[in-house]
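The values are calculated or read from the model by the stated rules, or taken from the named source; none is laboratory data. Remember, it's a predicted structure, so these values are computed and weren't measured experimentally. Cβ placement follows ideal geometry from the backbone for every residue including glycine, while neighbour counts extend to all protein chains displayed.
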Amino acid sequence: MEVKIEKLVYGGDGLAHHEGRTVFVPLVLPGELVSIAAAARKKKFVRGSLERVLEASPERVAAPCPHYGRCGGCHYQHIPYDAQLRYKTDILRETLGRIGRVQWDGPIGTHASPPFGYRNRTQWKIRAAQDGAAAPAGIGYFEAGSTRLCAVDECAILSPRLAETFAKLRTLVASGKALLAIDEIEAFVDAADEKILLNLSSERLTDSADVIASALRAALPDVESILVQDRRADKFELFGPGYLSYMAAGANFRVGHLSFFQVNRFLIDALVEAVIGDSRGAAGAGFVRRCWTFYRGADQTIRPRDWRRIESCRCQGFGSQSSVERRGFSDASSRDGGSVSFALAGTARFGRPGPAACWSRARDADAP
């Protein structure tokens, strides 16, 4: 079928309409006329796969990654970075109105990052063989919308140390020895882009965890800590201190193997400044009387020496705005009766970020 793309929506898909149904298509731009195949049909919508761009947007560029389109990791490489920021701003504005019922017509500030080399965390998939027993082992990411491996030889969005680590892991995987039973590796690097934390997972280990950890340390001398999981045995084995020290926003965070941490290493300080910068006494000092933050993992918005007026509640198990409300926090007032200027809430699981759950409405009489 042929459809005209109207806009981009959260996740990077283009939205169109065809014969009374909403159509979602990846790898497109607004204004493009495209030919698609229906990958999934539902009563009210269709998910399509891009077959051909019939009328291309003048903004379309060639993706720098040779795996783009097949690999499920990236969604915007066919769009110049400055245009990506503009489209993401539009997506946020539309999402606020459609889901949050917040009609915001004011400016939305953006914080640009280098478009490549920014990730301090990644998760690689490993398959022992593909397309028959004679195929070599591979490491990479899942194909888009699939659990089939897309083996890659490089990934441009990784930090230099993670990219180097990936290259060495490719060699280990190709050898078919040390990582024979491992099907997933998650890697995290510190702020200096030097030390590495690794999580390894297997449905069932065929070598001892000690043997695997020793082989990794021999190949990767910058590994600080290794956690090996045998899912069938429901067992974890730790080799190392169990955390990395990460300097961010003037504070040193201890980030554990299963902790959430912001993944864009270039924007962490900017994130902290954007969220609570004025509460330190800068221009507009006095606005933040008190803040609650509900989080799981390492909360970068709380620094004890600076944020004495901010109450931090580490709420393991708070998964959404509704669960926060069920636990009695829907009215953002403190236990001592004081009012709260704003609240931050977010969710994360097993090192993966979740969406921000809610912002409370300012309750101070003099708060804007």
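I108 meets the conditions (1) in contact with a helix residue (DSSP H, G or I) (Cβ under 6 Å, 6 or more places away or on another chain); (2) at pLDDT 95 or above; (3) not hydroxyl-bearing (S, T, Y) in every case but one. The failed one is (2).
With respect to the conditions (1) under 27 Å from R148 (Cβ atoms); (2) out of contact with any Pro (no Cβ under 7 Å at 6 or more places or on another chain), I108 falls short on a single one, namely (1). Only residues that are in a strand (DSSP E or B) and buried (at least 17 other Cβ atoms within 10 Å of the Cβ) were counted across region 244-280, and they come to 6.
A single entry from D190, D183 fulfils the requirement of being touching a residue at least 12 places away in the same chain (Cβ under 8 Å), closer than 19 Å to F253 by Cβ and acidic (D, E): D190. Take Y76 and decide whether it is in contact with a helix residue (DSSP H, G or I) (Cβ under 9 Å, 6 or more places away or on another chain), hydroxyl-bearing (S, T, Y) and either exposed (fewer than 15 other Cβ atoms within 10 Å of the Cβ) or assigned by TED's automatic domain parsing to the domain that holds G31 (or both). So Y76 passes the test. When region 7-57 is filtered for residues that are assigned to a loop (DSSP other than H, G, I, E, B) and of a type in the set (S, T, N, Q), only S57 remains. Which ones in region 51-89 are in contact with a strand residue (DSSP E or B) (Cβ under 7 Å, 6 or more places away or on another chain) and acidic (D, E)? Passing the criteria: E51, E55.
For (1) under 23 Å from the mean Cα position of the chain (by Cα); (2) surrounded by 15 or more Cβ atoms within 10 Å (Cβ to Cβ); (3) of a type outside the set (F, W, Y), each residue gets a yes or a no:
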| residue | (1), (2), (3) |
| --- | --- |
| L8 | yes, yes, yes |
| G11 | yes, no, yes |
| G14 | yes, yes, yes |
| H17 | no, no, yes |
| T22 | no, yes, yes |
| V25 | yes, yes, yes |
| P30 | no, yes, yes |
| S35 | no, no, yes |
| A40 | no, no, yes |
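For region 105-130, the set of residues classified as out of contact with any strand residue (DSSP E or B) (no Cβ under 8 Å at 6 or more places or on another chain) and farther than 25 Å from D269 by Cβ consists of D105, A128, A129, listed by residue number.
Does P66 meet the test of being of a type outside the set (D, E, K, R), surrounded by fewer than 13 Cβ atoms within 10 Å (Cβ to Cβ) and more than 20 Å from F116 (Cα to Cα)? The answer is no for P66.
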